[in-house]
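Undergrad: Supplied in structure tokens, the structure appears directly below.
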Amino acid sequence: MQTSETQAQERAVNGDLQDEQWTTAQMGSVSFPELVRAHFKWERAGDGDGEAEQRYHRKLREFEEREGQLLHAYWAIKRPSAVALTVKPAHGLASFVGDHDTEIRLHRVTDWLVRERRVADLLHHCDTLAIKVSEVLRGTTERIAMQWIYAVESHLLGFVERMRGRATDKEIAAVVESQKQELIQIEKYYTRAGEKAARIVYFWGMMAGVVVAAVLMLGIALALWRTGWFDQPHTRDVETFFVSYIGGAVGAIVSVLMRMSSNRFRVDFEVGRSTVRRLGSFRPFIGAVFGIALYFLFLSGILRMNLPDTRTTFFFFGSLAFLAGFNERWTNVLFGKAERTVAASLGDLTAQRGEDEEDDQ
């Protein structure tokens, strides 16, 4: 007759096998849950089971080849549960030109152990924050935030395991509240770091936009040269055109840099690093377009302003284009004035056409 202890062990083994089948069906053959399961069997079997030890180390090698080095791990001993942090460095050219110098990921398997809803909800919130951190932050700030989140999750998992289901509502509420406050501090750190990271990404996006704008300017210059616009008497017009192009782009860049230094620059960093970079790359083009638009606006005579003589035209349009790229509000005022002037002129022409039609009748 089997003793009650033997029967309990068999029920535990059968339950573990059911857990393993469920894990394989849900998570795939090579995954963190399988690694957790292999470690749990090895931990329970002890040093005498060489097969369990070999299986664990094999799963560990497979996991690290896929996810990177296992930096930190908290292994539960009561049920197959764990929290881990992996670091996978980038290699080759990707480490210099890519955003991911290292890929830091948080892994968690706690459903077999955590039955308390409040603890499970807090762990899920940790996972959500870890996803945001891994997508937005890079380098030192990402590593700090991810290790901070790992500390919260491992603390919660350790609490559940120590209590063994005997924790009172007051004890659960106390640990949940303390770790919730810790998570709030992590979110504040993430927000501050995300704003700073967005500024850096936006800046390098502008620098990429400058390179593309310069290539475009060279293309325009080549086209004008082939059509003879670099010859007299068009030389002065070409010079003022390009100084307006360059002045507008430079003015837009200086405007953004000054707002960054005064903390008046705001960009939603959670739209993604690639989107922020693209927005920054458009900035030099916007300034250049404003500079060229004002150049044509003044030469067209719509504003009915006296232009300076030919000796100062170059400096006049350079300063005007810089102000156009630097201060959008000032540029919009000029465009609004030009719009009203054109509308009034069209109104006069319409009225004059009506009078002519009446005279013909």
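Residue by residue, here is whether (1) assigned by TED's automatic domain parsing to the domain that holds F159; (2) in contact with a Ser or Thr (Cβ under 8 Å, 6 or more places away or on another chain); (3) of a type outside the set (D, E); (4) at pLDDT below 90 holds:
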{"position": "K59", "(1), (2), (3), (4)": "yes, no, yes, no"}
{"position": "R66", "(1), (2), (3), (4)": "yes, no, yes, yes"}
{"position": "Y74", "(1), (2), (3), (4)": "yes, yes, yes, no"}
{"position": "I77", "(1), (2), (3), (4)": "yes, no, yes, yes"}
{"position": "L93", "(1), (2), (3), (4)": "yes, no, yes, yes"}
{"position": "F96", "(1), (2), (3), (4)": "yes, no, yes, yes"}
{"position": "D99", "(1), (2), (3), (4)": "yes, no, no, yes"}
{"position": "T110", "(1), (2), (3), (4)": "yes, yes, yes, yes"}
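Undergrad: Which condition number does L224 fail, the rest of (1) surrounded by 15 or more Cβ atoms within 10 Å (Cβ to Cβ); (2) touching a residue at least 40 places away in the same chain (Cβ under 8 Å) being met?
TA: (2)
Undergrad: Taking the residues in the range 125-141 that are in a helix (DSSP H, G or I) and in contact (Cβ under 8 Å) with a residue 40 or more places away in the chain as candidates, determine which candidate is nearest to E34 (Cα to Cα). I'd like the intermediate steps shown before the answer.
TA: The initial filter retains those residues of the range 125-141 that are in a helix (DSSP H, G or I), namely 125-136, 139-141.
Keeping just the survivors that are in contact (Cβ under 8 Å) with a residue 40 or more places away in the chain gives 125-126, 129, 132-133, 135-136, 141.
Numbers: H125: 23, C126: 22, L129: 24, K132: 26, V133: 26, E135: 26, V136: 29, T141: 30 Å.
Looking at the filtered set, the residue picked out is C126.
Undergrad: Could you look through the range 139-155, keep only residues that are closer than 21 Å to S274 by Cβ and surrounded by fewer than 20 Cβ atoms within 10 Å (Cβ to Cβ), and pick out the one that is modelled with the highest pLDDT?
TA: T141
Undergrad: Which pairs do you get when a residue that is over 19 Å from K132 (Cα atoms), found in the range 261-277, comes within reach of a residue that is of a type in the set (D, E, K, R) and part of a helix (DSSP H, G or I), reach meaning Cβ atoms under 7 angstrom, with the pair 6+ apart or on two chains?
TA: F265/R199; F265/R259
Undergrad: Test V114 against the criterion of being closer than 26 Å to Q179 by Cβ, among the aliphatic types (A, V, I, L, M) and at pLDDT below 90, and give yes or no.
TA: Working: closer than 26 Å to Q179 by Cβ: yes; among the aliphatic types (A, V, I, L, M): yes; at pLDDT below 90: yes.
Yes, satisfied.
The values are calculated or read from the model by the stated rules, or taken from the named source; none is laboratory data. Since the model is a prediction, treat every value here as computed from it, not as a measurement. We place every Cβ from the backbone using ideal geometry, glycine too, and count neighbours over all the protein chains shown.
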